[in-house]
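Worksheet: the structure to be examined is printed underneath.
The values are calculated or read from the model by the stated rules, or taken from the named source; none is laboratory data. These numbers were taken from a predicted model, which means no experiment stands behind them. Methodologically, a virtual Cβ is constructed for each residue, glycine included, from the backbone with ideal geometry; neighbour enumeration extends over all protein chains shown.
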Amino acid sequence: PSCNLECARFIEDTIDKEKNAGIIAVMMEPVQGNGGQISFPPEFHRKVREICDRQGILLIWDEIQTGFGRVGKMFAAELYRVVPDILVFGKAVAGGFPLAGIIVRDNLKRFDAGENAFTFAHFPLSLVAALTTIDVLEEGKLLERCNRLNQHIIAHLRNLQEKYEIIGDVRGPGLAIGIELVKDRDSKEPAVKEANEVVRLGLERGVMFGISKYGGLGNVIKIKPPLVISDEEVERVLSVFEGCIAEVQRHG
């Protein structure tokens, strides 16, 4: 990438400067959700993995939002071909029922049988929901469908980007898509008020868009529908989005 991975080097510089602080891990989302729907280049993730190995610290991935099909793979670790030491998952695993868990490397396993039993563990209904969710993902070929929908939605949004100056960037794997709105494409000044207006207009028209308020801002619209969304519903979402964007730009 054009940044020459300066952000990854910043991570290592920070670790080096804080040697006496006892840093034991880098914990991150492989795709930042509330942090701006940021999709990192694969080279960044590989570099961070190298840094953690070189520094002798753990790499922990928070896949609460990306896990179980959201990015077109079961986990973002598959998408980026990077193996974290610890992977945290939840939410989608049980289709909305309360369930979360971790996956760890063999050398980090510390629980003996029964030691991880506690009051709220092993809720049978959630476990059945999780198994059913996995069956639906596999039998319905939802990962393949997620990738196909991504190609269609991203292509459509990039066509809109050529038409509407307010759309500064379109990004995201699978059905974890972000649209960054800007007042000016050169300065990239965030169009916060306009983004909130798009969300408001969308609700009036029956479509709920997300909004990412990273850095205290709020100019990234999120399109993150369920993986079972129909083709007709996708077209409605895109139609409503364009209508909202057109109105906001016209009155902006």
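Annotation: of all residues in segment 19-37 being aliphatic (A, V, I, L, M) and buried (at least 17 other Cβ atoms within 10 Å of the Cβ), the one that is nearest to Leu217 (Cα to Cα) is Val31.
Take the residues in segment 184-216 that are over 27 Å from Val228 (Cα atoms) and touching a residue at least 24 places away in the same chain (Cβ under 8 Å), then tell me which one is surrounded by the most Cβ atoms within 10 Å (Cβ to Cβ).
Just the residues of segment 184-216 that are over 27 Å from Val228 (Cα atoms), to begin with: 184-194, 197, 214-216.
Now drop any that are not touching a residue at least 24 places away in the same chain (Cβ under 8 Å), which leaves 190-192, 194, 197, 214-215.
Numbers: Pro190: 20, Ala191: 24, Val192: 17, Glu194: 20, Glu197: 18, Tyr214: 16, Gly215: 10.
Here the residue is Ala191.
Among all positions in segment 163-177, there is no residue which is under 16 Å from Glu247 (Cα atoms), without any contact (Cβ under 8 Å) to a residue 60 or more places away in the chain, out of contact with any Cys (no Cβ under 7 Å at 6 or more places or on another chain) and not basic (Lys, Arg). Of the helices (runs of 4 or more DSSP H) lying entirely inside segment 1-85, those containing at least 3 residues that are over 27 Å from Pro98 (Cβ atoms) are 6-17, 42-55.
Looking at the structure I just gave you, is Gln161 polar (S, T, N, Q), under 19 Å from the mean Cα position of the chain (by Cα) and modelled with pLDDT of 95 or more? Show your work before the answer.
Working: polar (S, T, N, Q): yes; under 19 Å from the mean Cα position of the chain (by Cα): no; modelled with pLDDT of 95 or more: yes.
When the stated conditions are applied, Gln161 does not pass them.
Among the residues of segment 124-156, how many are in contact with a Phe, Trp or Tyr (Cβ under 8 Å, 6 or more places away or on another chain), of a type outside the set (Val, Ile, Thr) and surrounded by 14 or more Cβ atoms within 10 Å (Cβ to Cβ)? Result for segment 124-156: 4. Restricting Ala113, Ala100, Ala94 to those that are crowded, with 20+ Cβ neighbours inside 10 Å, modelled with pLDDT under 95 and among the small types (Gly, Ala, Ser) reduces the list to Ala94.
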